[in-house]
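Undergrad: Here's a structure for you.
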Amino acid sequence: MLITIPSVFSKTEVSKINQHLAKGEWIDGQQTAGEQARSVKQNQQLADDSQLAQQLGDIVLDALARHPLFISAALPLKIFPPMFNRYQGGETYGKHVDNAVRFVPGTTTRIRSDLSATLFLSEPEEYEGGELHIQDQFATQKLRLSAGDMVLYPSGSLHEVTPVASGSRVSVVLWMQSMVRDPQQRNMLLDLDQSIQSLTRQHGNTDDNVMKLTALYQNLIRQWADT
Ligand code: NI
């Protein structure tokens, strides 16, 4: 299931981040691709060991930690350091599946990628092409989101970025391990949480049924979550 997470960043925050990125050191994206992906990946990446990548990465992680829909949908356990990428002049990332396990550079930490995310930092009007295609269970979803918005999708889905014919497409890509490995369990928890939030708005959080459902949600997390 694809989930759009709106307004991770405001337009003002996006433009501040882009100002910093314009001054960054961009390297060939091939350096971080797996073997199959390397043959289809043509883009640029902000050097991930640079201070800028680390500072901006922390800003992204802080924004996500404050976004209730992201937390509820992803139930994140570990998040790989955010990677900033840029496509221009026909650059593209052909069809691939993200690696199942990633090592955090310079550490022994391993992260199983349950969920991938793309956070758009360019407005759709700023470039041509550059569509993110994600093969869902029944169809291929084609996305060009507004700057500041993010899409969350299962890391096992085939996906690609079509060639950027003109302009520049900047985004952040993320991989994460969820506390709940099973996508169906994760989706049920998201549905339940959203219903609880809506019932809480109608009846208040001391309503008997709201409390019972909240207990049920917490108990399901206790059953299913790794921590
Ligand atoms: Ni990918």
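The values are calculated or read from the model by the stated rules, or taken from the named source; none is laboratory data. Everything numeric in this text was worked out from a predicted model, so none of it was measured. Every residue, glycine as well, gets a Cβ built from its backbone with ideal geometry; the counts of neighbours run over all protein chains shown. Protein only, heavy atoms only, side chains kept; ligands, DNA and RNA dropped before computing areas. Shrake-Rupley method; radii C 1.70, N 1.55, O 1.52, S 1.80 Å.
Undergrad: Can you list which of the trypsin sites (Lys or Arg not before Pro) found in the range 1-57 are DSSP loop residues with at most 14 other C-beta atoms within 10 Å?
TA: In loop regions of the range 1-57 (DSSP not H, G, I, E or B), the sparsely surrounded trypsin sites (Lys or Arg not before Pro) are 23.
Undergrad: What shape does the range 40-173 have by the C-alpha gyration tensor, where a ≥ b ≥ c are the square roots of the eigenvalues, rounded means a/c under 1.5, and otherwise prolate means a/b greater than b/c and oblate the rest?
TA: Taking the square roots of the gyration eigenvalues as a ≥ b ≥ c, the range 40-173 is rounded.
Undergrad: Helices from the chain with mean Kyte-Doolittle at least 0.5 and a Cα length along the axis of 18 Å or more, per DSSP H: which?
TA: Those that clear 18 Å and a mean of 0.5 are 51-65.
Undergrad: How far, in nm, would the chain grow between residue 135 and residue 55 when pulled straight, counting 0.36 nm per residue and subtracting the alpha carbon separation?
TA: 25.6 nm
Undergrad: Considering only DSSP states other than H, G, I, E and B, which trypsin sites (Lys or Arg not before Pro) in the range 136-227 qualify as loop sites with at most 15 other Cβ atoms within 10 Å?
TA: Passing both the DSSP loop test and the Cβ count: 181.
Undergrad: Using a 1.4 Å probe on the protein heavy atoms, what percent of the accessible area of the chain belongs to carbon and sulfur?
TA: 50
Undergrad: Could I ask something else about it? So, how do all the Cα-to-Cα distances of the range 181-227 break down into 5 Å bins, in percent, from 0 on up?
TA: 5, 23, 28, 21, 13, 8, 2
Undergrad: Work out the FRET efficiency for residue 212 and residue 66 from their Cβ-Cβ distance, taking R0 = 25 Å, and round it to the nearest 0.05.
TA: In this case the efficiency is close to 0.35.
Undergrad: Pick from 185, 42, 137: which is most flexible by mean-square fluctuation in a GNM of the chain where alpha carbon atoms under 10 Å apart are linked?
TA: 137
Undergrad: Top mean-square fluctuation among 188, 150, 211, Gaussian network model of the chain, C-alpha springs under 10 Å?
TA: 211
Undergrad: When the helices in the chain are scored as -39500 (n - 2.57) per DSSP H run of 4 or longer and the sum is shared across all residues, what 222 nm value do you end up with, to the nearest 500 deg cm²/dmol?
TA: Helices in the chain give a 222 nm mean residue ellipticity of -10500 deg cm²/dmol.
Undergrad: If you don't mind, another one. Among 71, 134, 79, which one moves the most in a GNM of the chain with springs linking Cα atoms closer than 10 Å?
TA: Result for the chain, Cα springs under 10 Å: 71 fluctuates most.
Undergrad: Skip the ligands, DNA and RNA, and give the accessible area per residue of the range 72-227 with a 1.4 Å probe, whole Å².
TA: Heavy-atom accessible area per residue stands at 49 Å².
Undergrad: Evaluate the distance, in nm, between pseudo-label points positioned 7 Å from the Cα of residue 219 and of residue 95 along their respective Cα→Cβ axes.
TA: 4.6
Undergrad: Could you work out how far apart the two model spin labels at residue 125 and residue 40 are, taking each label as a point 7 Å from the Cα in the direction of the beta carbon, and quote it in nm?
TA: That separation, rounded to one decimal, is 3.2 nm.
Undergrad: Here is a further query. Please arrange 146, 7, 122 by accessible surface area, largest first, computed with a 1.4 Å probe and ligands excluded.
TA: 7, 146, 122
Undergrad: Now for a different question. Where a ≥ b ≥ c are the square roots of the eigenvalues of the C-alpha gyration tensor, would you call the range 1-119 rounded, which needs a/c under 1.5, or, failing that, prolate if a/b is larger than b/c, or oblate?
TA: rounded
Undergrad: With bins 5 Å wide starting at 0, give me the P(r) of the chain over every alpha carbon pair, in whole percents.
TA: Each 5 Å bin holds this share of Cα pairs: 1, 6, 13, 18, 19, 17, 11, 7, 4, 3, 1, 0.
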